[in-house]
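In what follows, a single structure is set out as structure tokens and then discussed.
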Amino acid sequence: MSNSVPLLCFWSLCYCFAAGSPVPFGPEGRLEDKLHKPKAIQTEVKPSVRFNLRTSKDPEHEGCYLSLGHSQPLEDCSFNMTAKTFFIIHGWTMSGIFENWLHKLVSALHTREKDANVVVVDWLPLAHQLYTDAVNNTRVVGHSIARMLDWLQEKDDFSLGNVHLIGYSLGAHVAGYAGNFVKGTVGRITAITEVVKCEHERAVHLFVDSLVNQDKPSFAFQCTDSNRFKKGICLSCRKNRCNSIGYNAKKMRNKRNSKMYLKTRAGMPFRVYHYQMKIHVFSYKNMGEIEPTFYVTLYGTNADSQTLPLEIVERIEQNATNTFLVYTEEDLGDLLKIQLTWEGASQSWYNLWKEFRSYLSQPRNPGRELNIRRIRVKSGETQRKLTFCAEDPENTSISPGRELWFRKCRDGWRMKNETSPTVELP
């Protein structure tokens, strides 16, 4: 039966642990054709798929090797039949050795689930091949894991519902095969796959972060594309449109695949705080196309943010509401006020040319001025909505090199029967 997949995790990797000395192999043992070697030398050959039960956070500790059909290693290794059991499945390897993130993942699992069994599926002999050959081997490795799980199910108190398969890259394919071949339904599968090539190991560290920083969960938001996310349009949690990532992900009823987006810090803990900002920009003069460079500083009860740029994904629309995404690394608490700054144009040749072109097209109106009366803010993490009004209602204009201050004037956004302010054109 196919297993349930609560979250098809982010864009990264999953590895394995150092293998110890050769051990006798059971029916799940080496997959090579024994007929290719004389009987005289068929002695201590490592199996192509081995199951290493990691019993310590120490990466130097070899752990114990389980063997299909042999119950004594389970007892010798203190395998806990009633506890959660994690199988970590690495992917294709060019070096033929395990990589460092695997040690961190094993340690994080032991930290979060102290009584759990953490098993590293070592299929290095089949993964250290040409990539196409390694792909062809994933089905065989999936069968080996399924046979091990079927055998464990024959033991008293062992439950397949307590099993969590964590696969990286091709290991994710292996996990999928294992879930299909096993008799029953695996409790959970996490597929950690690499999407952004330059962020090597990024996803697996996000998963580790979700284990060790349980009090700082990172949230991802459903969105159709990255541009809409960058505009701050997708910070909704209605109808399961947001979820914690990694180990803390909640099972979703929706079976359709969806794209989830989030911002992160450079290092652990990766959590940031997302804000959607809706700014209605009024123009009392016909200034044509304009590209202001806006920055905001958020002031809260806990802390103040750094000066944050408002990324312009397309262009600023005049006499219209523009939406932006900003995020902070600190928990600011309840927002109290906002400083909006229009940075003066830098003196690059490109900007000088734009200024000159703008002057030529509008010789009678060299000044640039926009008006902003309020800013509406929504927190992605709390889903709270706030409205900030201009500190001086008589002065809502902003131009290059100037700033405006806004203070919280309302919980929520537009009130019932409230209409948009009238824009009077001269």
Test each condition in (1) touching a strand residue (DSSP E or B) at 6+ places or on another chain (Cβ under 7 Å); (2) open to solvent by 40 Å² or more (accessible area, probe 1.4 Å); (3) more than 24 Å from Asp209 (Cα to Cα) for Met260 and report the one that comes out false. (3)
Quick check on region 210-230. Is at least one of its residues at pLDDT 95 or above, part of a loop (DSSP other than H, G, I, E, B) and at positive phi? no
Among the candidates Lys104, Lys114, which residue alone is open to solvent by 50 Å² or more (accessible area, probe 1.4 Å) and either in contact (Cβ under 8 Å) with a residue 60 or more places away in the chain or hydroxyl-bearing (Ser, Thr, Tyr) (or both)? Lys104
Residue selected from region 281-305 under the condition open to solvent by 50 Å² or more (accessible area, probe 1.4 Å) and at pLDDT below 95, by the criterion farthest from Asp334 (Cα to Cα): Asn286
Filter region 130-149 down to residues that are in contact with a Ser or Thr (Cβ under 9 Å, 6 or more places away or on another chain) and under 12 Å from Thr93 (Cα atoms), then give me how many there are. 1
(1) among the basic types (Lys, Arg); (2) touching a Ser or Thr at 6+ places or on another chain (Cβ under 6 Å); (3) more than 30 Å from His143 (Cα to Cα): which one isn't true of Arg202, the others all being true? (3)
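Give the residue, chosen from Gly187, Gly161, Gly179, that is modelled with pLDDT of 95 or more, in contact with a strand residue (DSSP E or B) (Cβ under 6 Å, 6 or more places away or on another chain), open to solvent by 20 Å² or more (accessible area, probe 1.4 Å) and not charged (D, E, K, R).
On inspection, the qualifying residue turns out to be Gly187.
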If we keep only residues of region 316-335 that are over 16 Å from Thr387 (Cα atoms) and of a type in the set (Ser, Thr, Tyr), then the residue surrounded by the most Cβ atoms within 10 Å (Cβ to Cβ) is Thr328
Flagged in region 66-93 as surrounded by fewer than 23 Cβ atoms within 10 Å (Cβ to Cβ), among the hydroxyl-bearing types (Ser, Thr, Tyr) and part of a strand (DSSP E or B), in numbering order, are Ser67
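Report whether or not Arg265 is in a loop (DSSP other than H, G, I, E, B), under 30 Å from Ile166 (Cα atoms), touching a Lys or Arg at 6+ places or on another chain (Cβ under 8 Å) and modelled with pLDDT under 95. Full working, then the answer.
On the way: in a loop (DSSP other than H, G, I, E, B): yes; under 30 Å from Ile166 (Cα atoms): yes; touching a Lys or Arg at 6+ places or on another chain (Cβ under 8 Å): yes; modelled with pLDDT under 95: yes.
Spelling it out, Arg265 is indeed in a loop (DSSP other than H, G, I, E, B), under 30 Å from Ile166 (Cα atoms), touching a Lys or Arg at 6+ places or on another chain (Cβ under 8 Å) and modelled with pLDDT under 95.
The values are calculated or read from the model by the stated rules, or taken from the named source; none is laboratory data. Bear in mind the structure is a predicted one, so any value in this text is a computation, not a measurement. Using ideal geometry, Cβ is built from the backbone for each residue, glycine included, and neighbour counts are taken over all protein chains shown. Each accessible area value is taken on the protein alone, full model and side chains, heavy atoms only, with ligands, DNA and RNA left out. Shrake-Rupley method; radii C 1.70, N 1.55, O 1.52, S 1.80 Å.
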